[in-house]
Amino acid sequence: MLKEFKEFAMRGNVLDLAVGVIIGAAFGKIIASLVDDVLMPPLGRMLGHMDFSNLFINLSDKSFETIAAAKAAGAPTLNYGNFINTIINF
């Protein structure tokens, strides 16, 4: 059984797929860094020092300053700022 799996894994298509997944993951990290470290700071500054990652709608009765504080309290939130970052990242 191990021999058959080895033969299957060494076929060109499986090896190509594995290499593609590894390259895709690395490329995804590069794009995430480009967006987070290069594109978002100037964009945030142009929009009045806005930090998209901390934009949210609080769905509870209590008030919270940050998403982290709301999550620590277990409050439900709509994190649309993270969504904006993800769209720009895409």
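Worth a mention:
- Selected from 28, 53, 5, residue furthest toward positive end of dipole (the chain; charges at beta carbon): 5
- Normalised by 2.2 N^0.38 Å, with N the number of residues, the alpha-carbon radius of gyration of the chain equals 1.72.
- Helix screen, the chain: DSSP H segments with Cα axial length of 20 Å or more and mean Kyte-Doolittle hydropathy at least -1.0 are 12-33.
- For the pair residue 32 and residue 71 in one chain, pulling the backbone fully straight at 0.36 nm per residue adds 11.7 nm over the alpha carbon distance.
- Per-residue accessible area (protein heavy atoms, 1.4 Å probe) orders 8, 90, 83 as 90, 83, 8, starting from the largest.
- Computed in the context of the full set of protein chains, the accessible area of the chain at 1.4 Å probe radius has 67% of its extent on carbon or sulfur.
- Put a plus charge on the Cβ of each Lys and Arg, a minus charge on the Cβ of each Asp and Glu, and nothing anywhere else: the dipole of the chain about its Cα centre is then about 160 debye.
- Derived scalar couplings ³J(HN,Hα) [the stretch 58-65; Karplus, 6.51 cos²θ - 1.76 cosθ + 1.60; whole Hz; x for Gly, Pro]: 7, 9, 9, 7, 7, 9, 9, 6
- Relative contact order %, the chain, counting alpha carbon pairs below 8 Å whose residues are six or more apart: 24 percent
- Amide H contacts under 5 Å for residue 55: 81, 82, restricted to partners 5 or more places along the chain or on a different chain, H placed in the peptide plane at 1.01 Å from N.
The values are calculated or read from the model by the stated rules, or taken from the named source; none is laboratory data. Just so it is clear, the model here is predicted, and its values are computed rather than measured. All Cβ positions, even for glycine, are placed from backbone atoms using ideal geometry, and neighbour counts span all protein chains on display. Ligands, DNA and RNA are excluded from the accessible area calculation, which covers all protein heavy atoms including side chains. Shrake-Rupley method; radii C 1.70, N 1.55, O 1.52, S 1.80 Å.
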